1. So, in nm, how far is label E23 from label A60 when the simple model puts each one 7 Å beyond its Cα toward the Cβ?
2. For the chain, with a Gaussian network of springs between Cα atoms less than 10 Å apart, report the residue from P18, P79, P112 with the top mean-square fluctuation.
3. State the volume of the convex hull built on the alpha-carbon positions of the chain, expressed per residue in Å³ and rounded to an integer.
4. For every other residue with a beta carbon closer than 11 angstrom to the beta carbon of R27, add +1 if it is Lys or Arg and -1 if Asp or Glu, then tell me the sum.
5. By a straight-distance test (C-alpha under 29 Å), which lysines pair with K109 as possible cross-link partners, with residues fewer than eight away in the same chain excluded?
6. Sorted from largest down, give the three principal axis spans of the alpha carbons of the range 1-54, whole angstrom values.
7. Under a point-charge model restricted to the Cβ atoms of Lys and Arg (+1) and Asp and Glu (-1), what is the dipole moment magnitude of the chain relative to its Cα centre, in debye to the nearest 20?
8. Under the rule of -39500 (n - 2.57) per DSSP H run of 4 or more residues, summed and divided by the residues of the chain, what mean residue ellipticity at 222 nm is obtained, to the nearest 500 deg cm²/dmol?
Amino acid sequence: MRDGVPGEVTAQALARLPAALDEHAPRLLLLCIGGNDFLRRLGNSQAEANVREMVKLARARGVEVLLIGTPEPGFSVTPPAFYAGIAKQFTLPYEESVIGEVLRDASLKSDPIHPNARGYGVIAGRLAERLKKSGAI
């Protein structure tokens, strides 16, 4: 299941998540959200609260979560520290660096902020490694 919506911010994703979890009943949620909040300068505290609530919702339904840090725009292309804090709080497997690594490599991007097919392949490979390491697959 891929249930993301282009251009969506965390508040919108949070509002849709309960119905999506009920409809699809997944065992695992790959949670990669926040980039549009950062691009629209909505504030990290809002994104942090919404991501935390999404994790709580998933966990309350027995869904495991792999948290994927979404980078803020800028020179370093790194995710804000709150992702690591949420991962630690909920003892989640966390992939911190792959999105930034892909976005720093022009050959892996289709435009300044989106991976191309090769870039998504790199991301998928890293996530599979992380899931195997955590015992999820």
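We did not get these values from a lab; they are worked out from the coordinates using the rules stated. Here the structure is a predicted model, which is why all the values come from computation and not from measurement. Heads up, the Cβs are rebuilt from the backbone with ideal geometry, glycines too, and the neighbour counts pull from every protein chain shown.
1. Simple spin-label model gives 2.0 nm for this pair.
2. Comparing P18, P79, P112 in the GNM, the peak value goes to P112.
3. Given the Cα convex hull of the chain, per-residue volume reads 105 Å³.
4. 0
5. List returned: K132, K133.
6. 32, 21, 16
7. With Lys and Arg at +1 and Asp and Glu at -1, about 260 debye.
8. -15500 deg cm²/dmol
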